[in-house]
Amino acid sequence: MVNILFRWCLLSLMPLFSLVHRAEHDSPKTLHPFYVSVIEINHNAKEKTAEISIRIFTEDLEATLRKYGNAKVDLLHPANKAAIDKLLNDYIQHKLQLNIEGKPVTMHYLGYEQQLESIWTYLEVKDVPTMHKLAVNCSLLYDYQDKQSNIFHIKANGKEQSFKLDYPETDIRY
């Protein structure tokens, strides 16, 4: 119950974080910005998949991808959607690795969409009959901001657990 309440509070406060973040860019040092992403990993036992959803502020993700890919990035109005998808997938594959049941797995990129001030990116791992052990290595947006926090919500086997990684922490064991 506590995990559900924590998750609900965090997701409902993301628009507020965005306003504070935008205010920081409009008037330097007036408010303290938040640099946070939310990563949800759900084991779908029926489909035998691990479903990964990543929520990142649009502005932060675009700046990170510009730096990472050394290219112009506009996630909301891409000139070349296929090139943006490839860049986003490459970045995530490089910065987020999963080991399920002690074995490295391949995440399959499904796409992204905009919701409010953020981008949701979706990935999937196929052929996951069980998920009793999960190891995560994550450095998403650490190359953009050393104040970055990555919050994880992991659901498997009828239980849910949340974790928080603050720069420079990278590892989670579930």
For this session: Estimate the FRET efficiency between Gln114 and Asn137 by the formula 1/(1 + (r/R0)^6), using the beta-carbon distance for r and 25 Å for R0, to the nearest 0.05.
Result: 0.40
Seminar exercise, completed: XL table Lys67/Lys164; Lys86/Lys155; Lys48/Lys159; Lys48/Lys164; Lys48/Lys133; Lys95/Lys147; Cα-Cα > 19 Å flagged, in table order, is Lys67/Lys164; Lys86/Lys155; Lys48/Lys164
Seminar exercise, completed: If Val36, Val125 are placed from fewest to most neighbouring beta carbons inside 10 Å, the sequence is Val125, Val36
For this session: May I ask you to derive the FRET efficiency for Asn99 and Lys147 from their Cβ-Cβ distance with R0 = 22 Å, giving the value to the nearest 0.05?
Result: 0.20
For this session: May I ask you to list the aspartates and glutamates whose Cα is less than 18 Å away from that of Lys103, ignoring any residue fewer than eight positions away on the same chain?
Result: Glu51, Glu124, Asp127, Asp171
Problem set entry | Residues Asp171 and Lys126, FRET efficiency given R0 of 30 Å [Cβ-Cβ distance, rounded to 0.05] | 0.80
Problem set entry | aspartates and glutamates with Cα under 18 Å of Lys72, excluding same-chain neighbours fewer than 8 positions away | Glu59, Asp60, Glu62, Asp85, Asp90, Asp143
For this session: Just report the Cα centroid separation between the range 36-78 and the range 114-152, whole Å.
Result: 7 Å
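No lab work stands behind these numbers, since they all come straight from the coordinates. Keep in mind that this is a model prediction, so the values were computed, not measured. No Cβ is skipped: glycine too gets one built from the backbone with ideal geometry, and neighbour counts run over all protein chains shown.
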